[in-house]
1. Ranked highest first by average number of other Cβ atoms within 10 Å, how do 101-113, 212-224 line up?
2. Calculate how steeply helix 154-178 sits against the longest principal axis of the alpha-carbon atoms of the chain, using the helix alpha-carbon long axis, and give the answer as 0 to 90 degrees to the nearest 10.
3. Please give the peptides 183-190, 60-67 ranked by average Cβ packing (other Cβ atoms within 10 Å per residue), highest first, as a rough proxy for protection.
4. Neighbour counts of other C-beta atoms within 10 Å: give me 129, 276 arranged from fewest to most.
5. To make sure I understand, if each residue's beta carbon is the centre and we count other beta carbons within 10 Å, what order do 202, 211 fall in, fewest to most?
6. Taking the Cα atoms only, what angle lies between the long axis of helix 98-108 and the longest principal axis of the chain, rounded to 10 degrees?
7. Would you give the gap between the C-alpha center of region 1-76 and the C-alpha center of region 211-245, rounded to a whole Å?
8. At 7 Å along Cα-to-Cβ for each site, give me the label-to-label distance between residue 178 and residue 124 in nm.
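None of the figures in this text is laboratory data; all of them are computed from the coordinates on show. Predicted, not measured: the structure shown is a model, and the values here were computed from it. So basically every Cβ, Gly included, is an ideal-geometry build from the backbone, and we count neighbours across all protein chains shown.
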């Protein structure tokens, strides 16, 4: 029956392996203002890490950009994990009927009914200087003047990322929770365990597969995100995805490919570390 894997293997080869191989090849090519030149050079990688290992007091642009990307990635992962876990927990253990589980789960998918750009733009009238949030806080006299940091800031970027990608956490965690035998939880309560002990010593360990899968989804998407950071950050915040996008806009394709290879390598390393924590195939 191994022939059944052939279609999946072909999809993997044509839509992942070959594009990745071409990106790696182009990252060693040369380019000028008008075209790319087939070659084998290391200048694209050298330029990326220029002045990054001089041990000066200030970090180079590349390291600063990666730190900014990691900052958004870690905070987005943390908040999506917390929100996604407790939403899945509520759906799995507090909603008793399958009908209402489906209804509430579909409500969680509402953000995916529109495009990313529309979802980003929808935050502007809410968080802007003259937006609803500032007006509301002014009416309550909580603030004395409109706050600028609600929009085009790290806060707005994190808020938008959590809004967009929490569902990627809810789905695998909810799937893991639905597979938990409730008699195990009842036995723990009968043995004298409290709610906190049941949550952290039974439910969380049994959901680790869903947590890791959800984490992989969120991290891989956020690491390469440039639309959300660009719109919600007012084009003022740095990320590796934005650098790649700008380089492609200026037809600096080999340099963009080199940045993409480095970003992909770091992302794969992060995924590899997470998969070492749990054997996903065995758990599934």
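1. Descending packing order for the listed peptides: 212-224, 101-113.
2. It works out to around 50 degrees.
3. With the highest mean Cβ count within 10 Å placed first, the list reads 60-67, 183-190.
4. Least to most surrounded, the residues fall as 276, 129.
5. Fewest-to-most Cβ neighbours within 10 Å comes out as 202, 211.
6. It works out to around 30 degrees.
7. Using only Cα atoms to place each centre, the spacing works out to 15 Å.
8. If labels sit at residue 178 and residue 124, their model points lie 3.8 nm apart.
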